[in-house]
């Protein structure tokens, strides 16, 4: 909660534990369909037919009703084509979108902030017909075989499609998704021997990839520009074996004095798997001056920075310069409560995509067998310490000892959780702020310096080896 005398009023954490009407029913219909994909839709069994019928019934009162009913009937007979699979993927996405909206409405009640009402332009882009058709054909074959039926021969069918799509910037988004999805499936082959199948995750990737093959669906149109002051709140780091992304959450104060709003600025780069921890910043810093400003505790002044309807800044250092010192906790206490939450793009409406900046203080932290909770006004809120990156000084121990926290409110496994981005705590009887992105602009911390040196050495070795290969 935020004390009222600091401008934030009270955040009703107890609201997060209340039942949301219709949520369980929507997720049950999605889960039933996901189970149908486990064994595949080539020769559906009665249980799979029930999952298809349940999906159709769940959207019976929507404009999708007729197309999904037909698709479910064809799939139940084992005769579904690409258009039918697209209809089923759309129905599944719509149900998860409704769940997202219901969960976000509860978050708005808790924070007292409103959500932006941006109008997203209709898709206008075009994709090469042959590549989109090839991607849909592979995804349709996956649905027919099911996750238990995958093998290396089937999964490898994505490789030529991805290779043809990657060179085209307009197709890079679906190509990257297909590439990652295929790699994950390949690592799990053969499907028949899997003890546990991530049915929800793979169905998410399958349905999203299928919809991104539609003309214009992968576009992220710029709908305006941003001129004003950017006040960073924190950095969320997403790390994989071959890529890393830093996403900055911030409050943007327009120069014209209009309502402040929440925005994001992200940078993603490929990386060798030997570069980990604080070494990641070496790869990210050259592409975004904002990271250096965060390390220095400064704001940024933006001039005509392109921005999407969903609140994502299309970052370019040409449109930004370093501003005055800005404390993230001052921003969280004063500016965050008055800011408008970003709108959500249609295809991004999914419970797993919820990541809403919040400021919490006055809580009691308790660690119960490795599960940390904040209790606010008698209501417990689980802390997702697994999401704290190793690329910064923030640790679970610091979070446990904290008295205030800037975090991202998420929804996972049926409950709301908070992911810490920064905390205020006491170290050696002195109040300090510790940020997950504290090493973004560089560090004198011993652990950070050691990790950066190791990363420098690893990159130097890789460059030398690459140069030797090229010379040969």
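Of the residues screened, residue 188 is one that is surrounded by 16 or more Cβ atoms within 10 Å (Cβ to Cβ), more than 19 Å from residue 140 (Cβ to Cβ), out of contact with any helix residue (DSSP H, G or I) (no Cβ under 7 Å at 6 or more places or on another chain) and outside the structural domain of residue 253 (by TED's automatic domain parsing). Of the residues making up the range 38-75, those that are in contact with a helix residue (DSSP H, G or I) (Cβ under 7 Å, 6 or more places away or on another chain) and closer than 16 Å to residue 142 by Cα are 38, 39, 40, 41, 42, 44, 48, 75. Listed conditions (1) touching a helix residue (DSSP H, G or I) at 6+ places or on another chain (Cβ under 7 Å); (2) under 19 Å from residue 344 (Cα atoms); (3) in the same structural domain as residue 286 (by TED's automatic domain parsing) are all met by residue 236, apart from (1). Taking the range 180-224, which residues are more than 19 Å from residue 89 (Cβ to Cβ), without any contact (Cβ under 8 Å) to a residue 24 or more places away in the chain and part of a helix (DSSP H, G or I)? Of everything in the range 180-224, those that are more than 19 Å from residue 89 (Cβ to Cβ), without any contact (Cβ under 8 Å) to a residue 24 or more places away in the chain and part of a helix (DSSP H, G or I) turn out to be 183, 193.
Residue 246 satisfies every condition listed in (1) within 17 Å of residue 452 (Cβ to Cβ); (2) not in a strand (DSSP E or B) except (2).
Looking for whichever is more than 30 Å from residue 330 (Cβ to Cβ) and at pLDDT below 95 here; the options are 8, 61. Which one fits? Only one candidate qualifies: 61. If you go through the range 76-89 and keep only what is within 16 Å of residue 139 (Cα to Cα) and surrounded by fewer than 19 Cβ atoms within 10 Å (Cβ to Cβ), you end up with 78, 79, 81, 82, 83.
Taken over the range 118-139, the criterion of being loosely packed, with under 13 Cβ neighbours inside 10 Å, at pLDDT 70 or above and within 24 Å of the chain's Cα centre (by Cα) is satisfied by no residue.
Rundown of residues vs (1) under 15 Å from the mean Cα position of the chain (by Cα); (2) within 28 Å of residue 307 (Cα to Cα), yes/no style:
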{"residue": "344", "(1), (2)": "yes, yes"}
{"residue": "361", "(1), (2)": "no, no"}
{"residue": "370", "(1), (2)": "no, no"}
{"residue": "380", "(1), (2)": "no, no"}
{"residue": "390", "(1), (2)": "no, no"}
{"residue": "403", "(1), (2)": "no, no"}
{"residue": "407", "(1), (2)": "yes, yes"}
{"residue": "423", "(1), (2)": "no, no"}
{"residue": "439", "(1), (2)": "no, yes"}
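If I filter the range 27-35 for residues that are under 30 Å from residue 359 (Cβ atoms), touching a residue at least 40 places away in the same chain (Cβ under 8 Å) and within 28 Å of the chain's Cα centre (by Cα), do I get at least one hit? Yes, some residue in the range 27-35 is under 30 Å from residue 359 (Cβ atoms), touching a residue at least 40 places away in the same chain (Cβ under 8 Å) and within 28 Å of the chain's Cα centre (by Cα).
The values are calculated or read from the model by the stated rules, or taken from the named source; none is laboratory data. Here the structure is a predicted model, which means the values were calculated and not measured. All Cβ positions, even for glycine, are placed from backbone atoms using ideal geometry, and neighbour counts span all protein chains on display.
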